[in-house]
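Here the structure is laid out as structure tokens; the discussion comes afterwards.
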Amino acid sequence: MSVAQLQSKGPVLLDEISFFVAKSHRFLDKNDQSIFLKKWIKEADDVMRVDPIYGSLLKSKLGEVHGDIEKVTYWFNNANRLGVMPHQIATNMLVSYCNLGYGSKALQVLRDHVDISHGNIGETIWLAPAAGAFKYMKHLIEQAKRGNVELPEKNLALSQEVAELLDKSEVSDAICAQVIDVAGEIMRKHQLFWLGDMAEFVLDREGASVLMRFNVDVTYRNASSMSMEAVDLLIERKLDSVPFLIDFVGTRP
């Protein structure tokens, strides 16, 4: 394959692996010897030789396939070392951190690298709820309105209602992100991705509380056990009185 072909291969391969992750129910084992995985690893190495920036993004995505946050972060940082500004790969970082349940990491990316001055609000704002970034999402929406930035219609109305409810309870984005961190910790323990493109919320308008629901590929009983694990961790971290709750729903009987 020529240098030009390898350079053009990077974006195509990244889309291919990203689609695989988006449809995956659980992490691949680190010792997985699947033919398609070997092919991706080889092709990522080939791209790395001619386009180290795209190669870094590919290797980060391959780390995500295994739920390996250290590899994910290392290769994002490598792209930065090669001259990519963080706001240029904010979407990549947000998708990976949200997929793996790192709410606080995703929130930090939003606060530091998503802004109208970076021109990336439209492509990232739909990920804000999965990071617990409801107040910051409202700030971005206001920026977008002033700047006539077109926003995606990905359930933003419901997310804005969540933000209004949490405002009444004076719950910060940082606290919401910490609650999501608990959900992520439990899912990673069970080697699970959460299912669906968007975060799901159940609103208690009278009680001014919000339940964030994670659909996972386990039985109803196992999902219930995961929810109990979450309660224990929330109590341990003094987050149990926060009116932002989490719950797991199994997709198998």
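What the table shows:
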quantity	calculated
Relative packing of peptides 162-168, 242-248 - highest average C-beta neighbours within 10 Å first	242-248, 162-168
Table column - 3J(HN,Hα) (Hz), the stretch 80-95, Karplus curve with 6.51, -1.76, 1.60, x for Gly and Pro	4, 4, 7, x, 6, 6, x, 5, 6, 10, 4, 4, 4, 5, 4, 4
Among Ser169, Ser104, Ser117, residue whose mean-square fluctuation peaks in a GNM of the chain (springs only between Cα atoms under 10 Å)	Ser117
Note, ³J(HN,Hα) from phi for the stretch 65-74, Karplus 6.51, -1.76, 1.60, rounded to Hz, x at Gly and Pro	3, 9, x, 9, 5, 5, 5, 4, 5, 4
For the chain, size of Cβ-based charge dipole, Lys and Arg +1, Asp and Glu -1, in debye	600
Sum of -39500 (n - 2.57) over DSSP H runs of 4+, divided by residues of the chain (222 nm, nearest 500)	-19000 deg cm²/dmol
Prolate/oblate/rounded call for the stretch 71-131, Cα gyration tensor, a/c under 1.5 rounded	oblate
Length released on extending from Arg237 to Met85, taking residue separation times 0.36 nm less the Cα-Cα span	51.3 nm
Fully extended contour minus Cα-Cα distance, from Leu151 to Ile116, at 0.36 nm per residue	11.4 nm
Viscosity 1.306 mPa s, temperature 10 °C, Stokes-Einstein D of the chain from Kirkwood C-alpha radius, µm²/s	83
Under 5 Å, built H, 5+ apart or other chain: amide partners of Ile246	Met212
Antiparallel DSSP beta bridges within the chain, percent to nearest 5	45
Helix 35-50 vs. the chain, principal-axis angle (Cα, 0 to 90°, nearest 10)	70
Contour excess over end-to-end distance, with Cα ends at Asp15 and Ala144 and 0.36 nm allotted per residue	43.7 nm
The stretch 72-115-the stretch 182-253 distance, computed between alpha-carbon centres (Å)	24
Per-selection Rg to Rh, the stretch 80-210 - Cα, Kirkwood hydrodynamic radius	0.97
Under 15 Å, Cβ to Cβ, from Arg188 - net charge with Lys/Arg +1 and Asp/Glu -1	-3
Positive dipole terminus of the stretch 165-234, leading residue within Phe201, Thr219, Ala230 (C-beta point charges)	Thr219
Against the rule of thumb 2.2 N^0.38 Å, how large the Cα Rg of the stretch 153-238 comes out	1.14
Between helix 220-236 and the chain: long-axis angle, C-alpha atoms, 0 to 90°, nearest 10	70
Placed amide H near Asn215: partners under 5 Å, 5+ positions off or other chain	Leu195, Val249
Of Met212, Met228, Met187, the one that fluctuates the most in a GNM where the chain has Cα springs shorter than 10 Å	Met228
Among 146-153, 122-129, the order from most to least packed when residues are scored by Cβ within 10 Å on average	122-129, 146-153
Extent along principal axes [Cα atoms of the stretch 1-70; Å; largest to smallest]	34, 22, 20
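All of the numbers you see were taken from the coordinates with simple rules; none came from a lab. The structure displayed is predicted, hence computed values, not measured ones. Counting neighbours? That spans all protein chains shown, and the Cβs are built from the backbone with ideal geometry, glycine included.
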